[in-house]
1. Select from Pro91, Ser43, Leu5 the residue farthest towards the positive end of the dipole of the chain; place +1 on Cβ of Lys and Arg, -1 on Cβ of Asp and Glu, and compute about the Cα centre.
2. Hey, got the dipole for the chain? About the Cα centre, +1 on K and R Cβ, -1 on D and E Cβ, debye to the nearest 20?
3. Can you pull the one-decimal nm distance between simple spin-label points at Leu58 and Glu6, each 7 Å off the Cα toward Cβ?
4. Would you look at the GNM of the chain, springs on alpha carbons closer than 10 Å, and say which of Leu85, Leu41, Leu20 moves the most?
5. Please compute the modelled spin-label separation between Phe51 and Asp33, points set 7 Å along Cα→Cβ, answer in nm with one decimal.
6. Does the chain come out rounded, prolate or oblate by the C-alpha gyration tensor, with a ≥ b ≥ c the root eigenvalues, rounded set by a/c under 1.5 and, if not, prolate when a/b is larger than b/c and oblate if not?
7. Which value at 222 nm does the chain reach when only helices count, each DSSP H run of 4 or more adding -39,500 (n - 2.57), with the total divided by all residues and rounded to the nearest 500 deg cm²/dmol?
Amino acid sequence: MRFMLELIRIIFIFIFLGGLVGAIIGNIYTSNDVTERYSWLSSIAILLLLFVLYRNKLQFFGWYKGKGSEKLPKPFSLMLICLSLLLLITPFILGLIVS
């Protein structure tokens, strides 16, 4: 039962926080047609950031206390965060190059 509650919690976090951050960033990308065309990259970046946030912080405050609840290694977390930041700024870079 705790596993199902945690799964519902994960889905809620990803949908609510992902949608909220996606709406905010989506409004920023509407400034240019090229950035709007590549705004799907921000969805991937948001998912990566939420994954790192969940694995490093949020999983320790949930209902499920099973095996495998450990933080991501620091180099891997840093790599995912840098990749997501790169994905967030890529539409602006492409907007400068294409237009």
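Quick note: the coordinates plus some simple rules give every number you see, no bench work behind them. The structure displayed is predicted, hence computed values, not measured ones. Glycine also receives a Cβ, built like all others from the backbone with ideal geometry; neighbour counts cover every protein chain displayed.
1. Going by the Cα projections, it comes out as Leu5.
2. 580 debye
3. My value for the distance between the label points is 1.4 nm.
4. With Cα springs under 10 Å in the chain, the top fluctuation among Leu85, Leu41, Leu20 is at Leu20.
5. The two pseudo-label positions are separated by 3.4 nm.
6. Verdict is oblate for the chain.
7. Counting only the DSSP helices, I get -26000 deg cm²/dmol.
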